[in-house]
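Chemist: Below is the structure I would like to discuss, written out as structure tokens.
The values are calculated or read from the model by the stated rules, or taken from the named source; none is laboratory data. Only a predicted model underlies this, so the values are computations on that prediction, with no experimental measurement involved. Here the Cβ positions follow ideal geometry from the backbone for every residue, glycine too, while neighbour counts run over all protein chains shown.
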Amino acid sequence: MKKGLFITFEGPDGCGKTSIINLLKEYYKDNKKILFTREPGGTVISEKIRDIILSTKNVEMSKRTEALLYAASRAQHVDEFIRPNLEKGKIIISDRFVLSSLAYQGGGRNLGIDSVKAINDFAIDNLAPDFVFFFYVDPLTTLKRKSQSKDADRLELSGDDFHKRVYDTYIKLLDSMKYEKFLKKIDATKQMLEVFEDVKNILDKEMEKLS
Ligand code: TYD
């Protein structure tokens, strides 16, 4: 039985959510109930799968392989880390979850939301986030910096049309009634410290309700 709280952060590449998560890690460092994690990754096996997915050497990776690897990495993350910790009453904050696959593989790679949802339903076995923080910012302005850097990964190098499809799919999914009740909208066009304040205030309020 799930007792904790499962929170995910979503947004396009370059939206700044990873920097905000780093500030939150520092802010909540004395709170032992909160665990931070990320996708793809979060366990040893999932991080190995992450390396395969994101390596710029793997140019021949097919779209369906990519979608299945994200789902496989997620299944291990759910079974080994997320679900057992929620059962212990922990608050888990994950940098990305299923919504990323629906937007990136379903929309970005044109695999279709329904088929990507089907493999992910199998991977997560009925686990849903309690809240999704979405970082609203046009990826085409923020991504320029990242894709020009020599550290850019395979996904970041996928081109403007891909990232536009990803963002449009995110917006379409979030506008659907299904997500409305657990969506926390973040204006990620603001200065980093303002975004941090916005996120922290929402999180603090939700934690208060728990205690
Ligand atoms: P990462 O370095 O974590 O990017 P970011 O800091 O922007 O979150 O790399 C993850 C990349 O993988 C990112 O481009 C989004 C992509 N991704 C998918 O395409 N599908 C998924 O299911 C997940 C979790 C991530």
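Chemist: Please specify each residue of the range 149-171 satisfying the condition of being in a helix (DSSP H, G or I) and free of Cβ contacts under 8 Å to residues at least 12 places away in the same chain.
Modeler: Across the range 149-171, the qualifying residues are D161, I171.
Chemist: Any idea which of L174, L143 is within 12 Å of the ligand (Cβ to nearest atom) and either in a loop (DSSP other than H, G, I, E, B) or surrounded by 11 or more Cβ atoms within 10 Å (Cβ to Cβ) (or both)?
Modeler: On the way: L174 fails: within 12 Å of the ligand (Cβ to nearest atom).
None of the others qualify; the one that does is L143.
Chemist: Can you confirm whether the range 95-105 contains a residue that is part of a loop (DSSP other than H, G, I, E, B), free of Cβ contacts under 8 Å to residues at least 24 places away in the same chain and under 18 Å from the mean Cα position of the chain (by Cα)?
Modeler: Looking for residues that are part of a loop (DSSP other than H, G, I, E, B), free of Cβ contacts under 8 Å to residues at least 24 places away in the same chain and under 18 Å from the mean Cα position of the chain (by Cα), one finds none in the range 95-105, hence no.
Chemist: What's the total number of residues in the range 185-204 that are surrounded by 16 or more Cβ atoms within 10 Å (Cβ to Cβ) and either under 13 Å from G16 (Cβ atoms) or of a type outside the set (A, V, I, L, M, F, W, C) (or both)?
Modeler: Here the count works out to 6.
Chemist: Let me ask another. Out of curiosity, is L69 hydrophobic (A, V, I, L, M, F, W, C), buried (at least 16 other Cβ atoms within 10 Å of the Cβ) and over 22 Å from L174 (Cα atoms)?
Modeler: So L69 passes the test.
Chemist: Further question on the same structure: With respect to I20, determine if the residue is within 22 Å of K190 (Cβ to Cβ), assigned to a helix (DSSP H, G or I) and aliphatic (A, V, I, L, M).
Modeler: yes
Chemist: Determine whether the range 186-197 contains at least one residue that is over 16 Å from P12 (Cβ atoms), under 18 Å from the mean Cα position of the chain (by Cα) and at pLDDT 95 or above.
Modeler: Yes - at least one qualifying residue is present in the range 186-197.
Chemist: Give the number of residues within the range 25-63 that are in a helix (DSSP H, G or I) and away from the ligand (no atom under 13 Å from the Cβ).
Modeler: 6
Chemist: Here's another thing I want to ask about it. Return the residues of the range 60-81 that are more than 23 Å from L5 (Cα to Cα) and touching a residue at least 40 places away in the same chain (Cβ under 8 Å); say none if nothing qualifies.
Modeler: So the first thing to find is which residues in the range 60-81 are more than 23 Å from L5 (Cα to Cα), and the list is 60-69.
Selection gives M61, K63, R64, E66, A67, L68.
Chemist: Another question about this same structure. Could you check the range 172-181 and list, in sequence order, the residues that are of a type in the set (A, V, I, L, M) and within 16 Å of T8 (Cα to Cα)?
Modeler: Answer for the range 172-181, where residues must be of a type in the set (A, V, I, L, M) and within 16 Å of T8 (Cα to Cα): L173, L174.
Chemist: Would you say Y136 is at pLDDT 95 or above, out of contact with any Asp or Glu (no Cβ under 7 Å at 6 or more places or on another chain) and surrounded by 16 or more Cβ atoms within 10 Å (Cβ to Cβ)?
Modeler: no
Chemist: A further question follows. Please verify whether N120 is at pLDDT 95 or above, within 13 Å of the ligand (Cβ to nearest atom) and part of a helix (DSSP H, G or I), treating the condition exactly as stated.
Modeler: Yes.
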